[in-house]
Amino acid sequence: MVTPHLQNYIDGRWTDSASGESFEDLDPATGQIVATATKSTKADVDRAVDAARRAFESWRLYPAPKRGEILYKAGELMLQRKDQLAREMTSEMGKVLAESRGDVQEGIDMTYYTAGEGRRQFGDVVPAELPNKWAMSMRAPLGVVAAITPWNFPFAIPTWKLMPALVLGNAVVFKPASYTPMLAVRLVELLEEAGLPKGVLNLVLGPGGALGDALVTHPGVDLVSFTGSSDVGAHISEIAGKQLKRVSAELGGKNAIVVMEDADLDLAIEGIVWSAFGTSGQRCTAASRVITNRAVANEVIDRLVSRANKLKMGHGLDASTDLGPVVSSEAQQKVHSYIPIAEKEGATVAAGGRIPTDGALGKGFFHEPTVLVDVKPNMRVAQEEIFGPVTAVIEVKDIDEAIRVVNSTKYGLSCSIFTKNVNNAFRFMRDAETGLVYVNAGTIGAEIQLPFGGTKSTGNGHREAGRAALDVYAEWKSIYVDFSGKLQRAQMDDQSAPG
Ligand code: UN1
């Protein structure tokens, strides 16, 4: 079989970078090449931004309901191709097929939901303080949006950014993570087929670093929407901040599940296993801490260890697989580096902890599902985002200590509590300093119709998805129309009666 080659999409044409260079798209479960992709340079970014700037001038005037119709059409195409998209996703980034299907479905949901905004985008019409004067507000597109997306949700996360940007009338330059160029190409193909005019969406493939910087700092880019690590997010914010550019940053997490002494333990263990080891722990919402009340700690640990030991690693396309690989050899090494760090600080590996080296597993980038115990809240494994199938169990005495520990990291994305006590549940909902809070569910699985994002170093105050996304990709414009026929001077503190 010939290896597919993936190209950029600039001004409505599929094209290779002038660099003439390519990079490899690997199946992390086998280490084999699934595709090659063109490796872009600053010159490609320049062309993409120029095309987007030109297209913006007509796209902003295209009626918003018609923009929405293109999105609906794209949603229908996604639905038709869901299975194929999911298979390709599993092949290029490793998550198990049911999860890849869930990722595509999340993209479909976001696309349909946002298509409806073609007929909403509500503004306010309010009374004016002067007679014969009209006052209203409307959303206006920003211009050109740079969408820089991660590999862990290679379909859903791009839709979180592209769909609201497009429905509001922005043009986009899309730079996906270099581990997942194929799903990015598929998404652009769908939108092209759905009728998006040329130049409105442009795709530039290649690893971050200099290419990402060129895109972020390009004077033709008005907004950068980034999902990825906190370090890269801080760097992007810094270089874009110098140009007073808007940045929406969705960054790391160190999410915790609290298990209270009155919890339904069957449910709690299910929630922990799914949230800690689903997507091999590579969700920014993954539960990498379990905070358990001492009264039930031994039972929680025993049951969690036994479940972790039973999870079957393998290729995500194999229906019997519970846990796929991590995305790359570098990721595998980084995850594994936390095992000696944990042990040195006094934690104990209660399950997993190794890289499998034998047979088929040895060829891919697998890491055993790992449970660390004897963990204290200030240890590195309890503070740093590991982004792999590793969770750290911390024991606490009561709800006060549990909430303190939940809030004791620099991140603030997601957390959850398992309890039957309504008072503790409501205290937790109020006092957890995170953007997402779950009661009697795990830390993953946010739905697209509510805002998604976190506090502290998880981001910079913006939210994705839901209605909140519209605030990221638009400017508010307040408009006053004076139909009195004379110059009415506002803020003159004129005491005379109106009229
Ligand atoms: C991410 O890992 O960056 O809430 C996104 C969830 C998914 C999205 C995760 N809907 O787990």
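The length gained on full extension between Thr3 and Lys334, counted as 0.36 nm times the residue separation minus their Cα-Cα distance, comes to 116.2 nm. Packing, taken as the mean count of other beta carbons within 10 Å per residue, orders the peptides 127-133, 279-285 from highest to lowest as 279-285, 127-133.
Once the cut-off is 31 Å, how many percent of the Cα-Cα pairs in the chain end up in the long-distance tail? Before the final figure, lay out each step's value.
Working: 58808 of 124251 pairs.
Taking all Cα-Cα pairs of the chain, the fraction more than 31 Å apart is 47 percent.
Roll a 1.4 Å probe over the protein chains and send me the accessible area per residue for the chain in Å².
41 Å²
Given their separation in residues at 0.36 nm each and the Cα-Cα distance between them, Glu447 and Lys66 gain 134.6 nm when the chain is fully extended.
How large is Rg over Rh for the stretch 255-439, taking Rg from the Cα atoms and Rh as the Kirkwood inverse mean of 1/r across Cα pairs? Could the numbers behind the result be given before it?
Numbers: Rg = 15.8 Å, Rh = 16.4 Å.
The Rg/Rh ratio comes out at 0.96.
Beyond 17 Å, how much of the Cα-Cα pair distribution for the stretch 324-429 remains, as a whole percent?
Details: 3259 of 5565 pairs.
Of all Cα-Cα pairs in the stretch 324-429, 59 percent lie more than 17 Å apart.
When DSSP beta bridges are restricted to pairs lying wholly in the chain, around 40% turn out antiparallel. Our Cα-only numbers for the stretch 1-114 put the radius of gyration and Dmax at 17.0, 48 Å. For the stretch 311-326, putting each phi into the Karplus relation 6.51 cos²θ - 1.76 cosθ + 1.60 with θ = phi - 60° gives couplings of 5, 9, 7, x, 6, x, 7, 7, 4, 8, 6, 9, 9, x, x, 8 Hz, in residue order, rounded to whole numbers and with x for Gly and Pro.
In the stretch 297-323, whose amide N lies under 15 Å from the spot 7 Å out along Cα-to-Cβ of Arg87? List them in ranges. So the set is 316-319. For the chain, the longest principal axis of the Cα atoms and the long axis of helix 82-93 meet at an angle of about 60 degrees.
Ligands, DNA and RNA left out, the 1.4 Å accessible surface of the chain is 53% carbon and sulfur atoms.
Could you state, as a whole-number percent, how many of the C-alpha pairs of the stretch 245-294 are farther apart than 16 Å? Intermediate values should be presented prior to the final figure.
On the way: 565 of 1225 pairs.
Looking at the stretch 245-294, the distances longer than 16 Å represent 46 percent of pairs.
In the chain, the longest principal axis of the Cα atoms and the axis of helix 265-277 are about 70 degrees apart. Rounded to the nearest 20, the size of the Cβ-charge dipole of the chain about its Cα centre is 880 debye, with Lys and Arg at +1 and Asp and Glu at -1.
Ranked by the mean number of other Cβ atoms within 10 Å of their residues, highest first, the peptides 28-41, 477-490 come out as 28-41, 477-490.
Highest mean first, what order results for 10-23, 64-77 on Cβ atoms within 10 Å?
64-77, 10-23
Axis angle, to the nearest 10 degrees, between helix 294-310 and the longest C-alpha principal axis of the chain: 90 degrees.
The values are calculated or read from the model by the stated rules, or taken from the named source; none is laboratory data. Predicted model only: the values in this text are computed from it and were never measured. Virtual Cβ from ideal backbone geometry, glycine too; neighbours counted across all protein chains shown. Only protein heavy atoms, including side chains, enter the accessible area calculation; ligands, DNA and RNA are left aside. Shrake-Rupley method; radii C 1.70, N 1.55, O 1.52, S 1.80 Å.
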